[in-house]
Amino acid sequence: MKILITGGAGYIGSVTNRFLRDIGHTTVIFDNLSTGRREACGDTELIVGDLKNKDSIQRAMSGKSFDAVIHFAALALAGESMEKPYAYYENNIVGGLNLVEAMRGSGCNTLVFSSTCAVYGFPDTLPVTEVEEYKPVSVYGSSKRMFEEILEWYGNIFQFRYVNLRYFNASGAYPGGMLGEAHPVETHIIPIALDVALGRRSEFSLYGDNYQTPDGTCIRDYIHVMDLADAHLKALEYMRRGGKSDAFNLGVGKGYSNKEVITTVEQVTGKKIPLSVVPRRPGDPDSIYADNTKARTALEWDPKYSDITTIVESAWKWHTRHP
């Protein structure tokens, strides 16, 4: 297949791009490089452009005959979205609309969308299934759910075909440490803990230790970025087989507490991670993890890398090789 990857210079996008190229697909990356990195694209064709500029994405798609688009490009920090709602709605909604219109103009009607479990907010039932009520608690989650609704309407009106992949917590790195997580502002627990292990931070701030969980720290579902990359391939293959447009949760189906993650980081790195307990962040649920039965069944997807030790080991290779 020939695939356009928006946001392909970012963390999950660059890993997915490399994964697809390694198995023989042709890819082109479209990225504004606001948070992505040119060097993460390797020798893949990179078109520098911004989805908020409709002409930019139309030019990128014109005459290219793409079989499908994988859409990663988004602003993706829940906390920041509450401070900058306009930027998040403009980027994630207007940019997404410009993309689907450019796809229509070029004759490409197949999209895999990088969505999020944040569309569920605080779920009523664990593990979380795809029938959970939509009740996002951040502008970020709201913007992702709004774009899912846009895709539903484009599907109804224009026979647009899509798969929404609702990630839980993306983590880990490409095998061998060649590609990994490098955000300008890091908010994820594993890279922050690894920074402490490398001496780039003095201690790890633990946001609360009085959750209703066995060890008092919140529990989350971590999914290896390579399993996410494979899920995007499986979603494309599913649609080529005639699968209907749908949404799928991508998680392991179990959660790890913050203390369990820190213990794993200490075991993998051989370093002690100093902790300081700070006040809980408002709105953090005690536990959230996925029911991935639907993705396993319909997409024939089987996460292979997503035990917490494998995740941390791969991330450690990336961080030590790319300081």
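Tabulated data for the structure shown
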quantity: Heavy-atom accessible area order for R240, R321, R104, largest first, 1.4 Å probe; calculated: R240, R321, R104
quantity: Probe 1.4 Å, all protein chains present, accessible-area order of L228, L275, largest first; calculated: L275, L228
quantity: Residue of M103, M226, M178 that the Gaussian network model of the chain assigns the largest fluctuation, springs spanning Cα pairs under 10 Å; calculated: M178
quantity: Reported label for calculated mean projected area of the Cα convex hull in nm² given [x] 15.3; [y] 17.7; [z] 24.0; calculated: [x]
quantity: L111 long-range amide H proximity, modeled H, under 5 Å; calculated: V69, R161, Y162, V163
quantity: ³J(HN,Hα) computed for each position of region 163-172 - Karplus, 6.51 cos²θ - 1.76 cosθ + 1.60, integer Hz, glycine/proline x; calculated: 10, 9, 9, 9, 6, 9, 9, 5, 7, x
quantity: Percent of Cα pairs exceeding the 17 Å cut-off, where the set is region 181-323; calculated: 65
quantity: Distance between modelled label sites at Q212 and T297, nm, 7 Å Cα→Cβ extension; calculated: 2.9
quantity: Under Karplus coefficients 6.51, -1.76 and 1.60, residue-wise ³J(HN,Hα) of region 140-154 in Hz, glycine/proline x; calculated: 4, x, 4, 5, 5, 5, 4, 5, 4, 5, 4, 4, 4, 5, 5
quantity: Amide H contacts of S287 (H built 1.01 Å from N, under 5 Å, at least 5 apart or other chain); calculated: I219
quantity: Pairs from K144/K254; K234/K317; K294/K317; K2/K317; K84/K144 whose Cα-Cα separation, in the structure shown, is over 22 Å; calculated: K144/K254; K234/K317; K294/K317; K2/K317
quantity: DSSP-defined antiparallel bridges as percent of all bridges, the chain, nearest 5; calculated: 5
quantity: Unit Cα scatterers, Debye sum, region 1-142: log10 I(q)/I(0) for q = 0.13, 0.21 Å⁻¹; calculated: -0.60, -1.25
quantity: Rounded Å value of the spacing that divides the Cα centres of region 169-196 and region 1-42; calculated: 17
quantity: Pair E83, E101: separation of 7 Å Cα→Cβ label points (nm); calculated: 3.1
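The values are calculated or read from the model by the stated rules, or taken from the named source; none is laboratory data. All values derive from a computational prediction rather than experimental measurement. FYI the Cβ positions are ideal-geometry reconstructions off the backbone, even for glycines, and counts take in every protein chain you see. To get the accessible areas, we keep the full protein, side chains included, count just its heavy atoms, and leave off ligands, DNA and RNA. Shrake-Rupley method; radii C 1.70, N 1.55, O 1.52, S 1.80 Å.
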